[in-house]
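Everything below concerns the one structure shown next.
The values are calculated or read from the model by the stated rules, or taken from the named source; none is laboratory data. Computed from a predicted model, the values in this text were never measured in an experiment. Note that we place each Cβ from the backbone using ideal geometry, even for glycine, and neighbour counts take in every protein chain shown. Ligands, DNA and RNA are excluded from the accessible area calculation, which covers all protein heavy atoms including side chains. Shrake-Rupley method; radii C 1.70, N 1.55, O 1.52, S 1.80 Å.
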Amino acid sequence: MTCKGVSVPIAVSQSSEDSNQPSEQGPLVRIMSWNIQKFAIPEGRWPGLVRLITQEKPDILCLQETHRWDHNGYALAKQAAEDLGMEVRVGRTANTAIAYRPKPGLSLEGFDAGRVKEVSRGYSAGRFAVADLPAPLVVISAHVSPYSVQQGLIDVQPLVTRARRHGGLGLIAGDFNHPPLDDPPPDFAALQPHLRMIRGVPEDPLCPWEGPWRPNTRVAEQLLAGEMVDAAAFIADRDGRPELRAPTGVYGQMRVDRFEAVLALRRALKSYNRIDPKCHSDHYGIVLELDLHPKNIDWHLLGEFH
């Protein structure tokens, strides 16, 4: 079995492929994502966020709305690194960042600061070497446009491509700003008109303010077409825990913050939880734990990147 020309030194049995549960325990990688709401450091909300993040002990941290972290010689990024006790890399648009804590079996082997024209609000991607894996784990911190479904569709296409670029093991973490598939719908009547317009579809387009609405899931459908797995939804269904589909936007009533993993990683999805921001952000934090034993990865779903 090969993955981008690399011989994979394990064989995946048919029985393990058919199960959605991890088959054996290997390197555990804890990934956290948080839209910290812009200007968290200058507005004084950052220390509270640091306490909440530190309690979760992430190995990799994906941040969005890291505005001005690249100013004045990356002064805010340097402060964040010191406060977190982690290495910090900032995306080219300074709207996303990735922090990580080196440990045995996990190290950063490459960083992509994002191409400005590919994703409207930016992304940053870390390429991590994981013990016993012949291909790196690509973790992307992303911020999809909140203003347009059409722009959201454009944004997620390069993200899916970048997630698969270095051997196929990739995960996109961040604020997707559009509703997922199959979650309970929000109370559309309680949403502000601009959020209702962008994230919903009226049953009667000629008289939208008088009739029911349904979530506009076109961005989520695009991710599904790219064979990406909504980690929280997958774990919620697998473990019988519908509460994991709870909203992550404080005001928008939708689970806009998500982990989207390539299909080959579905059995490595170990656990998911949501972190209350306690007034330090307008988004909940989210945490995903991966069990990256080689037998928990469906290598047969990977192939050469073209």
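Miscellaneous remarks
- Taking the criterion of being in contact with an Asp or Glu (Cβ under 9 Å, 6 or more places away or on another chain), closer than 30 Å to GLY252 by Cα and open to solvent by 40 Å² or more (accessible area, probe 1.4 Å), the residues of the stretch 272-306 that qualify are ASN273, ARG274, TYR284.
- Some residue of the stretch 230-241 being in contact with a helix residue (DSSP H, G or I) (Cβ under 6 Å, 6 or more places away or on another chain), of a type in the set (Gly, Ala, Ser), part of a loop (DSSP other than H, G, I, E, B) and open to solvent by less than 50 Å² (accessible area, probe 1.4 Å): no
- Any hit, the stretch 111-125, residues being surrounded by fewer than 19 Cβ atoms within 10 Å (Cβ to Cβ) and part of a strand (DSSP E or B): yes
- Restricting the first member to the stretch 37-54 and to residues that are in a loop (DSSP other than H, G, I, E, B) and at pLDDT 95 or above, and the second to residues that are among the small types (Gly, Ala, Ser) and surrounded by 17 or more Cβ atoms within 10 Å (Cβ to Cβ), the beta-carbon pairs closer than 8 Å and six or more apart or on different chains are GLN37/SER281; ALA40/SER281; ILE41/ALA80; ARG45/SER281.
- Of the residues in the stretch 120-139, none is farther than 26 Å from LEU269 by Cβ and modelled with pLDDT of 95 or more.
- Of the residues in the stretch 58-65, at least one is in contact with an Asp or Glu (Cβ under 9 Å, 6 or more places away or on another chain) and of a type outside the set (D, E, K, R).
- Residue that is nearest to the chain's Cα centre (by Cα), among those in the stretch 196-226 that are under 30 Å from GLY168 (Cβ atoms) and among the β-branched types (Val, Ile, Thr): VAL219
- Matching residues in the stretch 63-99 - criterion: being in contact (Cβ under 8 Å) with a residue 40 or more places away in the chain and either in a loop (DSSP other than H, G, I, E, B) or open to solvent by 10 Å² or more (accessible area, probe 1.4 Å) (or both): GLU65, GLY91, ASN95
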